[in-house]
Amino acid sequence: MKKIGILLILVSVLVPVRSQEISETSIVNAMHSISSHDLLRFVEIQCDESHQGRLTGTSGYQACAEWLADEFSEWGISPAGENGTWFQWFNVPYTMVLPDCGVTLHIPLKNGSDILKSYKYVTEFMPGSTSGKGEITAEVVYAGYGITAPELGYDDYKGIDVKGKIIMIERESPVNPSAGAEKFNPWYEYTFHQYKHANAIKHGAIGMLYNYGPIGNPNNSYNENFVYVHVGDSVVKDIFSGTGKVHREIIGTIDKTLKPQSFNTGKVVTIKMSTTHFPEGKGSNVIGLLKGSDPELSKDVIIIGAHLDHLGMCYEMIPGANDNASAVAVMMGVAKAIAENKIPMKRSVMFVAFGSEEQGLLGSKAFVADPLISLEKSVLLNMDGVGIGQGINAAAGKDFPVLWSFIEEANKKYIHRTLVTGSFPNLGRPRLDAAILLRAGVPSLSFSTFGSVNYYHVPMDDMKIIKPEIMEDLAQLLFVSVIKMANSLSPLK
Ligand SMILES: [Zn+2]
């Protein structure tokens, strides 16, 4: 009798638990349906010339967005954008950079004539992705960080005249987020490219050499009367040459003393830019949903996010294979495996391909400004740059231990990759869609991969640098983690 009693208790405990669980075999089988072959093909299609580098607002971007929506639809995912469509729309003015751009230094000779030194596209300069068009020749004035902050007693433009001149300025500000919130926050607004652009124009400058490194970046404003380029070390070195000042020391002094060190360099430079601006651009996020089966838990939404856009033409096509076709491909791999294997899920899973991440995170800002789901009931697993190397990094795992535990456990059990995390204070200028959702109160992990050669915001970010194995492993890792999250009976946050 006693034995039967124990048996009965055991059966009554085991049966309901077992019926709620998906069998290990079906998880493992479905996980292995994710193949690097498919993921690589998804990257390749996004990087196709027909998509023109996927600058949001362009027809190339929208063609790619529609291709993604078609794939989702074929796998049985439901549209979850505006009015029953796949898309959520927002305004995005955009600029296309055409060939015929250049930066030239005039080196004066004793006889009064000049030697011209032209800089090389990509290795020495990149066109400003939102520059005005035209050719200007003017003196270069070094204007530090390009910041005028009266309340901080700091003005890079004090004591210099930049009217009709080209300024050379630095990115960021004299105080970094690593100094902590109290010290950094007063400088926060001044770190935005749009602020520096407007402040330069306000002071009468007509052009800018932005010491940003020779990489593209469409996250800036457009003004038809202001041309600019991004430059690297060789240009900076030439501008400082013979001035009696050393660039590194000047920066060190500004950062240490918080006293501007602006000066007239005496150098003359020509900037030539060829661009077309489209002020009325429209961009979209692509949003798909697999609704959960539990009447209560299905209100919780696990968002898998990746930005679909890249830099477009600048002036060659920038394919953005790692940034961020790789992440969209991984998201697609997870979506396809869950949908086609009809994995039961209590919570809902949403797939969001953000637009305009590269143009100031406009897609994720639109997503939180006009949410199509309850943000209080959502968590985000975001990816940005997950197609290179051997290791996986997940920003903010220490801030969200519950989310992190699913990832860590799945890695230990199935994937066995180097997996690292940390805290993400999110103090600096936001540079990830996850930063926007975090500020809207959505617990977010943001994945990237590391450990092999990477090219960032240059034409070399193409298929050649992609490592399909890491994409497959990350897709499988997220697939298992998401299924466990979706079916967990305890809260995710
Ligand atoms: Zn990116």
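Couple of notes before you dig in:
- Of all the criteria given as (1) among the charged types (D, E, K, R); (2) touching a residue at least 40 places away in the same chain (Cβ under 8 Å); (3) surrounded by fewer than 23 Cβ atoms within 10 Å (Cβ to Cβ), the one not satisfied by K120 is (2).
- Members of the stretch 34-82 found to be within 21 Å of Y94 (Cβ to Cβ), surrounded by fewer than 21 Cβ atoms within 10 Å (Cβ to Cβ) and of a type in the set (F, W, Y), listed by number: W67
- Options D294, D323, D309, D300: the member that is away from the ligand (no atom under 16 Å from the Cβ), of a type in the set (D, E) and within 21 Å of S446 (Cα to Cα): D300
- Members of the stretch 136-161 that are farther than 29 Å from P430 by Cβ and not in a strand (DSSP E or B): K158, G159, I160, D161
- Among (1) more than 30 Å from N29 (Cβ to Cβ); (2) out of contact with any helix residue (DSSP H, G or I) (no Cβ under 8 Å at 6 or more places or on another chain); (3) surrounded by 19 or more Cβ atoms within 10 Å (Cβ to Cβ), the one test that A327 misses: (1)
- Residue in the stretch 355-380 that is nearest to S481 (Cα to Cα), counting only those that are of a type in the set (S, T, Y) and more than 12 Å from the ligand (Cβ to nearest atom): S378
- Check on R417, surrounded by fewer than 21 Cβ atoms within 10 Å (Cβ to Cβ), over 19 Å from the mean Cα position of the chain (by Cα) and among the basic types (K, R): yes
- Scanning the stretch 397-425 for residues that are assigned to a loop (DSSP other than H, G, I, E, B) and touching a Gly at 6+ places or on another chain (Cβ under 8 Å) yields G397, K398, R417, T418, G422.
- Applying a threshold of 6 Å to beta carbon distances and a minimum spacing of six or more residues, or different chains, the list of pairs starting in the stretch 416-434 at a residue that is farther than 24 Å from H457 by Cα and ending at one that is part of a loop (DSSP other than H, G, I, E, B) and among the acidic types (D, E) reads S423/D399.
- Complete set of residues in the stretch 421-479 that are within 29 Å of P127 (Cα to Cα), more than 16 Å from the ligand (Cβ to nearest atom) and β-branched (V, I, T): V453
- Test for I254: is it on the phi < 0 side of the Ramachandran plot, in contact (Cβ under 8 Å) with a residue 12 or more places away in the chain, away from the ligand (no atom under 16 Å from the Cβ) and assigned to a helix (DSSP H, G or I): yes
- Out of A394, A335, sole residue that is over 30 Å from T130 (Cα atoms), within 16 Å of the ligand (Cβ to nearest atom) and surrounded by 19 or more Cβ atoms within 10 Å (Cβ to Cβ): A394
Every number in this text was worked out from the coordinates using simple rules, so none of it is lab data. Every value quoted in this text rests on a predicted model; they were computed, and no experiment measured them. FYI the Cβ positions are ideal-geometry reconstructions off the backbone, even for glycines, and counts take in every protein chain you see.
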